[in-house]
1. Check whether at least one residue in the stretch C:22-35 is of a type in the set (D, E, K, R), buried (at least 16 other Cβ atoms within 10 Å of the Cβ) and either more than 7 Å from every other protein chain (Cβ to nearest Cβ) or in contact (Cβ under 8 Å) with a residue 12 or more places away in the chain (or both), and report yes or no.
2. Within the stretch B:90-103, is even one residue more than 10 Å from chain A (Cβ to nearest Cβ), without any contact (Cβ under 8 Å) to a residue 60 or more places away in the chain and not aliphatic (A, V, I, L, M)?
3. Looking at the stretch B:141-155, can you tell me whether even one residue there is at pLDDT 95 or above and assigned to a strand (DSSP E or B)?
4. If I filter the stretch A:114-125 for residues that are outside any strand (DSSP E or B), within 14 Å of chain B (Cβ to nearest Cβ) and within 16 Å of ligand 2 (Cβ to nearest atom), do I get at least one hit?
5. Only one of these conditions is not met by A:Thr144: (1) within 13 Å of ligand 5 (Cβ to nearest atom); (2) within 14 Å of chain B (Cβ to nearest Cβ); (3) of a type in the set (Ser, Thr, Tyr). Which number is it?
6. So for the stretch B:229-237 (the condition being closer than 20 Å to B:Glu309 by Cα and either of a type in the set (Gly, Ala, Ser) or not in a loop (DSSP other than H, G, I, E, B) (or both)), does at least one residue qualify?
7. Find the residue count for the stretch C:45-76, including only residues that are outside any helix (DSSP H, G or I), closer than 19 Å to C:Cys18 by Cα and either touching a His at 6+ places or on another chain (Cβ under 6 Å) or not charged (D, E, K, R) (or both).
8. Within the stretch A:54-80, how many residues turn out to be at the interface with chain B (Cβ under 9 Å from one of its Cβ atoms), in contact (Cβ under 8 Å) with a residue 12 or more places away in the chain and in a helix (DSSP H, G or I)?
Amino acid sequence: MDIKDIIKPENLVYQKTPLMTDKTLSYCPGCGHGTAHRIVMEVIEEMGIQSETIGVAPVGCSVLAYDFMNVDMVGASHGRAPAVATGIKRCWPEKFVYTYQGDGDLAAIGTAETIHAANRGENITIIFINNGIYGMTGGQMAPTTLEGMKTSTSPYGRDLKSMGNPLKMTELLAQLPGTCYVSRQSVHSPRNVRRAKKAIRAAFESQKANKGLSLVEIVSNCNSGWKMEPVASNEWMVEHMFPFYPLGDLKVDGKLVNNQ
Amino acid sequence: MKELRLMKGNEAVAEGAIRAGADGYFGYPITPQSEVMEYLMAQQPEKRTGMVVLQAESEVAAINMVYGAASTGKRVMTSSSSPGISLMQEGISYLAGAELPCLLLNVARGGPGLGTIQPSQADYFQSVKGGGHGDYQLIVLAPSSVQEMFDFAFLGFDLAFKYRNPVLMLSDGLIGQMMEKVELCEQLPRVTHFDRSWTLTGKPDGQERNIVTSLDLDASRQEIHNQHLQEKYRQCKENEVRFELLNTDDAEYLFVAYGSSARICQKAIQLGREEGIKIGLLRPITLWPFPAKPLSELAPRMKGILSVEQSAGQMVEDVRLSAGCGVHIEHYGRMGGMIPTPEQVLENLKKLLITK
Amino acid sequence: MAKMKGAIVVDIEKCKGCEVCRVACPNDVIAIAQEVNHKGYHYAYQEHQENCVGCANCAVVCPDGVITVYKVKLSD
Ligand SMILES: Cc1ncc(C[n+]2csc(CCOP(=O)(O)OP(=O)(O)O)c2C)c(N)n1
Ligand code: SF4
Ligand code: SF4
Ligand code: SF4
Ligand SMILES: [Mg+2]
């Protein structure tokens, strides 16, 4: 069969969602940010809520997320996305509000805003991209950086004694009564992308049902910051990040999942 | 029939906000302004008008809640006192950069640092000369009575939306805490129409989505944005200067004072005139834009001008810039939460401008 | 039994040559070109088009969303 006979509109099975704009992504080759953006937009498309959704972009590599996500969006200052989302949601309780935040943003400078938004049970969705590093500013240590991991501000590896321990924000947030759905996923393989998308769908559904804060952490690569080829960075992530940040649901329907 | 009430300044501004049709308040407790949120919570504006009131986890969170809420096109506000306002500066700069309207209230106290809880006017520079980073201006209103605390909630929201810019009410612990008679006006309806040219309401089908941001990584476009802001500020300077004159017709000496200091100066004028010293008062109501022109017109007629502030002398710089050379200009003030008496003000006018 | 026959279209000007799709393809369809696009990236292309089953794995993991997938059912 000729390829021309296959490439026909009626045979289309996968195409970039129109909820992603046509702008070329500003991310490094192979960076998980792009995939994460796309599946968030696919969920919004599938739920038919584009016209009722307002997104909050953080400061970090995804500072320009609003250039790529085709919904009403606002850029927050570093770490404050959950507070910004709170302001929006309190004004538009009937609309869908989500933040998209890196680990420096969510787990360092914005820890207070994140914990308190969760603790109030703000009915918003947080997409949390944990790449264990400050990507945007050139690969400095983040609270999530693993023990011994080399970054530009921990050039000899993270020393727990002087630099503190890697912070599992998602586990912490799952403990709070204000969170309803909490999950940790990744987007490095087709199977994981599909699972992550299901989790994001569950998070938005939980928002729709007014159940409180929902959060999906996506353990992701920062091949530039980690100084690796994209494919190698994904392999390194599987080997080193996943044992410390295990994938799966942590909380479903307000109840902690036990087998974590 | 007039609706009169005896109220604290902090309560009056809260009542004013409700009646001005505010949609949201986000704040964090700090003396001497905590009554603003306390009054709002007690009033249950969610039931009265549908207004949302939320106690944030910090001033940083509060100003960012205001930022998010303002991006929806609703009328939102926060209040704090000096240290809390310092903490908000990054967010205020973002609000100005993204051109979001909102009402901010500083019931100022003495500094620097944790300072004191007593009234002060030492946040003038912070209020009118930026405060946060970048080239931006706040419209700054200075209430000098409890009535104005009420009235300026209305004026503040009007100006904020007219210019799509944050408006700051720079009050102080004296005006915030004192009780006076207030004439209340009727409840305005909350706004239900949102201008899709800039507000976030969710992208309507078939229309472009909106982006609210202060970021543009392209320097040439960022410069154009800055030029646009400067043009807006120029128009604001042209149209929004507000001030009050008292006894200036025959005055030989002039006080320039705002807020609680203006109240003290009124009494000092009376005392001075009893001794035959003809003193008048120029009270800036907008600290930015500063009433430079009226001051420059009055100045040549004066033997001397005394800028009276509860600070080491901040507004006096603008007084000097506006009045020009050739006039004798001095500053008198007390600091750290101390309030000068009318007698001290008069005495210093004599000492600094007459006997010298 | 019905057999699937697929085809992919890579927007080569937007491809960044990260190879994530190549690794994800179960049938070794994708390779990275010797040539570069206008941005200077060695782009992905279907080296063994005949092996494609249209599973969309490559498109689903492509961070830049530059792969479109088509599929037809062949009955034998
Ligand atoms: C108040 C403030 N402090 C510091 C910065 C500089 N800064 C920009 S992004 C960033 C870290 C971002 O890291 P992360 O949130 O992990 O996002 P990533 O780039 O890794 O996706 C920092 C420190 C800033 N923009 N604002
Ligand atoms: S620096 Fe890291 S996080 Fe940022 S775009 Fe590049 S790979 Fe992604
Ligand atoms: S995953 Fe996408 S960007 Fe990367 S090589 Fe394949 S087609 Fe190109
Ligand atoms: S659709 Fe499936 S088989 Fe075809 S190239 Fe992509 S991953 Fe390979
Ligand atoms: Mg990061």
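1. Initial filter on the stretch C:22-35 (of a type in the set (D, E, K, R)): C:22, C:28, C:35.
Checking which are buried (at least 16 other Cβ atoms within 10 Å of the Cβ) leaves us with C:22.
Keeping just the survivors that are either more than 7 Å from every other protein chain (Cβ to nearest Cβ) or in contact (Cβ under 8 Å) with a residue 12 or more places away in the chain (or both) gives C:22.
Checked the stretch C:22-35: at least one residue is of a type in the set (D, E, K, R), buried (at least 16 other Cβ atoms within 10 Å of the Cβ) and either more than 7 Å from every other protein chain (Cβ to nearest Cβ) or in contact (Cβ under 8 Å) with a residue 12 or more places away in the chain (or both).
2. Scanning the stretch B:90-103, I find no residue that is more than 10 Å from chain A (Cβ to nearest Cβ), without any contact (Cβ under 8 Å) to a residue 60 or more places away in the chain and not aliphatic (A, V, I, L, M), so the answer is no.
3. Filtering the stretch B:141-155 for residues at pLDDT 95 or above gives B:141-155.
From the residues that got through so far, the ones that are assigned to a strand (DSSP E or B) too are B:141.
Within the stretch B:141-155, one or more residues are at pLDDT 95 or above and assigned to a strand (DSSP E or B).
4. Step one: filter the stretch A:114-125 for residues outside any strand (DSSP E or B), giving A:114-124.
With the extra rule that they be within 14 Å of chain B (Cβ to nearest Cβ), the set shrinks to A:114-124.
Cutting the leftovers down to within 16 Å of ligand 2 (Cβ to nearest atom) gives us none.
Looking through the stretch A:114-125, none of the residues is outside any strand (DSSP E or B), within 14 Å of chain B (Cβ to nearest Cβ) and within 16 Å of ligand 2 (Cβ to nearest atom).
5. Result: A:Thr144 fails condition (2) only.
6. Within the stretch B:229-237, the first condition is being closer than 20 Å to B:Glu309 by Cα, and the residues that meet it are none.
Checking the stretch B:229-237: not a single residue is closer than 20 Å to B:Glu309 by Cα and either of a type in the set (Gly, Ala, Ser) or not in a loop (DSSP other than H, G, I, E, B) (or both).
7. First, the residues of the stretch C:45-76 that are outside any helix (DSSP H, G or I): C:45-48, C:52-56, C:62-76.
Filter once more, so that each one left must be closer than 19 Å to C:Cys18 by Cα: C:45-48, C:56, C:62-69.
Filter again for either touching a His at 6+ places or on another chain (Cβ under 6 Å) or not charged (D, E, K, R) (or both), leaving C:45-46, C:48, C:56, C:62-63, C:65-69.
Qualifying residue count for the region: 11.
8. So the answer is 3.
The values are calculated or read from the model by the stated rules, or taken from the named source; none is laboratory data. Owing to the predicted nature of the structure, the values given are computational and were not obtained by experimental measurement. With ideal geometry, Cβ positions are generated from the backbone for all residues, glycine too; neighbour counts draw on all protein chains shown.
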